[in-house]
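Novice: Here it is, the structure, as structure tokens.
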Amino acid sequence: MEQTISKYAVDEQGYYGKFGGAFIPEMLYPNVEELKEKYLDIIYAPEFQEAFHGLLKDYVGRPTPLYFASRLSEKHGAKIYLKREDLCHTGAHKVNNTVGQILLAQRLGKKKIIAETGAGQHGVATATVCALMGMECIVYMGEVDMARQRPNVERMRILGAEVRPAKSGSRTLKDATNEAMRHWINNPNETHYIIGSVVGPHPYPDMVARFQSVISAEMREQLLLKEGTETPDYVVACVGGGSNAAGAFYHFLDEPKVQLVAVEAAGHGVDSGKSAATTALGRDGVLHGSRTILMQTEDGQVVEPHSISAGLDYPGIGPLHAHLFDSKRGIFLNATDEEAMVAGVELSRLEGIIPAIESAHAIAALGKLTFKPSDIVVLNLSGRGDKDLETYIKWGGY
Ligand SMILES: *Cc1c(COP(=O)(O)O)cnc(C)c1O
């Protein structure tokens, strides 16, 4: 991981174009300011890089394979590679970021970790690295989500984390986020807050993107060996908050010949009122500490999103993605619940890989692009489908 200068990098004030910044209560200012002042020096110190890459290799299992999916390629008429983030320890890309942030927290002298979680995936990744480092871990989770995602609650508890129910509002992710923020305000000195995607106040979106950028760094090396070029024609990834997509796009941002395709969740359909297709439906506003694009009513109330995949069930996107959309650097597509489920089964049957339903949205988008047979497409397979077995069973269309 090296420091790169990109025209899509965050600026000194924490902005990507007009998106980003740090819209936070005054009480959080010292914490966020400390992070902003120190994060780059800490993460680019050689000793940190050695520790980070050592754990990514021996604990997470990196580099993840870049797998040529021949039957999927035949179906879509292009050379399609899968970046196998589903093979990471804990089953998804999220652990790349939690490993980075826990090492950072240690170097900031923090003793406790807090996190918020919706479906529990980020909570499990955080509880995992806290166990690894022997740090105390508190995960806030909406009471409704705790009931819906029982296995992940128990995973976190087995790993030694305390799961605290958020009992206000709709008792889901947004309320858990509010509780975690409140905890951080009340315990600023000893606690680090691990945010799970490229969202939140600056410097979180940039910091998380840098930790996840290992994905595209590996893609370049692996493509060079397999295709004799470091750059594909397309990189395709699903977007909830946008961390796996940011990691997959990162080292290609300044190469306009590489088309960056972000796939959002259209739920029951973009215009159904039950969707999470943020760029199709949203407009500018402030969500969780940064200016971005979010789904909102006329008078600015955040709209409840819907997606069959918990990881994409978010009413905004990170500010980098808002900028990629606004500047037209990125191509933003969406896939419905049904299209994603069909694509998940398609990948299972063609390649013997059951994807996370989040990742299945990216697979579904392959059918919406027009390829030449020589096109090299890298699809970021963000996670595995084990956690989604119940949803596949309930859907039943296989
Ligand atoms: C959480 C999650 C996502 C969505 O998060 P991003 O920050 O947009 O990457 C996508 N895929 C999987 C498997 C996840 O667990």
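The values are calculated or read from the model by the stated rules, or taken from the named source; none is laboratory data. The model shown is predicted, which means the values in this text are computed figures rather than measured ones. Methodologically, a virtual Cβ is constructed for each residue, glycine included, from the backbone with ideal geometry; neighbour enumeration extends over all protein chains shown.
Novice: Those residues that are within 25 Å of V124 (Cβ to Cβ) and among the small types (G, A, S), I need them from segment 39-84; list them, please.
Specialist: A51, G54, G61 - these are the residues of segment 39-84 that are within 25 Å of V124 (Cβ to Cβ) and among the small types (G, A, S).
Novice: Next up: Looking only at residues that are outside any loop (DSSP other than H, G, I, E, B) and touching a Phe, Trp or Tyr at 6+ places or on another chain (Cβ under 6 Å) in segment 277-300, which one is surrounded by the fewest Cβ atoms within 10 Å (Cβ to Cβ)?
Specialist: The residue in question is V286.
Novice: Filter segment 30-52 for residues that are surrounded by 14 or more Cβ atoms within 10 Å (Cβ to Cβ) and among the aromatic types (F, W, Y) and give the result.
Specialist: Y39, F48, F52, listed by residue number.
Novice: Taking S70, is it polar (S, T, N, Q), surrounded by fewer than 14 Cβ atoms within 10 Å (Cβ to Cβ), under 26 Å from L389 (Cα atoms) and over 19 Å from the mean Cα position of the chain (by Cα)?
Specialist: Considered against the rule, which asks whether it is polar (S, T, N, Q), surrounded by fewer than 14 Cβ atoms within 10 Å (Cβ to Cβ), under 26 Å from L389 (Cα atoms) and over 19 Å from the mean Cα position of the chain (by Cα), S70 comes out as yes.
Novice: Considering only segment 174-268, give the helices (runs of 4 or more DSSP H) lying wholly within it that have at least 3 residues that are away from the ligand (no atom under 16 Å from the Cβ) and outside the structural domain of G100 (by TED's automatic domain parsing).
Specialist: In segment 174-268, 214-227 are the helices (runs of 4 or more DSSP H) which contain 3 or more residues that are away from the ligand (no atom under 16 Å from the Cβ) and outside the structural domain of G100 (by TED's automatic domain parsing).
Novice: Could you say whether any residue in segment 263-272 is within 21 Å of the chain's Cα centre (by Cα) and among the polar types (S, T, N, Q)?
Specialist: No - not one qualifying residue is present in segment 263-272.
Novice: Looking at (1) more than 26 Å from G123 (Cα to Cα); (2) surrounded by fewer than 23 Cβ atoms within 10 Å (Cβ to Cβ), which is the one condition that is false for A364?
Specialist: (2)
Novice: Could you tell me which numbered condition T64 fails, if it satisfies all but one of (1) out of contact with any helix residue (DSSP H, G or I) (no Cβ under 8 Å at 6 or more places or on another chain); (2) on the phi < 0 side of the Ramachandran plot; (3) not hydrophobic (A, V, I, L, M, F, W, C)?
Specialist: (1)
Novice: Still on this structure: Restricting to segment 316-348, name every residue that is part of a loop (DSSP other than H, G, I, E, B), touching a residue at least 60 places away in the same chain (Cβ under 8 Å) and surrounded by fewer than 22 Cβ atoms within 10 Å (Cβ to Cβ).
Specialist: Across segment 316-348, the qualifying residues are S327, R329.
Novice: While we're on this one: Give me the residue from segment 20-69 that is among the aromatic types (F, W, Y) and assigned to a helix (DSSP H, G or I) and, out of that set, nearest to G352 (Cα to Cα). Break it down into steps so the answer makes sense when it comes.
Specialist: Start the filter on segment 20-69 by keeping residues that are among the aromatic types (F, W, Y), which leaves 23, 29, 39, 44, 48, 52, 59, 67-68.
Next, only the ones that are assigned to a helix (DSSP H, G or I) stay: 29, 39, 48, 52, 59.
On the way: Y29: 48, Y39: 40, F48: 37, F52: 31, Y59: 25 Å.
Step by step, filter segment 20-69, then rank; the result is Y59.
Novice: Collect the residues in segment 164-200 that are of a type in the set (S, T, N, Q) and surrounded by fewer than 18 Cβ atoms within 10 Å (Cβ to Cβ), keeping them in residue-number order.
Specialist: Answer for segment 164-200, where residues must be of a type in the set (S, T, N, Q) and surrounded by fewer than 18 Cβ atoms within 10 Å (Cβ to Cβ): S168, S170, N178, N186, N187, N189.
Novice: I would also like to ask the following. Do any helices (runs of 4 or more DSSP H) entirely within segment 84-150 hold 2 or more residues that are within 17 Å of the chain's Cα centre (by Cα) and within 16 Å of the ligand (Cβ to nearest atom), and if so, which?
Specialist: Because the criterion is at least 2 residues that are within 17 Å of the chain's Cα centre (by Cα) and within 16 Å of the ligand (Cβ to nearest atom), the helices (runs of 4 or more DSSP H) in segment 84-150 that meet it are 94-107, 121-133.
Novice: Could you list, in sequence order, all residues of segment 56-87 that are in contact (Cβ under 8 Å) with a residue 60 or more places away in the chain and of a type in the set (A, V, I, L, M, F, W, C)?
Specialist: If the condition is that a residue be in contact (Cβ under 8 Å) with a residue 60 or more places away in the chain and of a type in the set (A, V, I, L, M, F, W, C), then L56, L66, F68, A69, L72, A78, I80, L82, L87 are the ones that fit.
Novice: Also: S359 - would you say it is among the polar types (S, T, N, Q) and over 18 Å from L82 (Cα atoms)?
Specialist: Working: among the polar types (S, T, N, Q): yes; over 18 Å from L82 (Cα atoms): no.
When the stated conditions are applied, S359 does not pass them.
Novice: Right, next: Applying the selection to segment 358-398, what residues are within 19 Å of S243 (Cβ to Cβ) and either at pLDDT below 95 or assigned to a helix (DSSP H, G or I) (or both)?
Specialist: Hits for segment 358-398 are E358, S359, A360, H361, A362, I363, A365, K387, D388.
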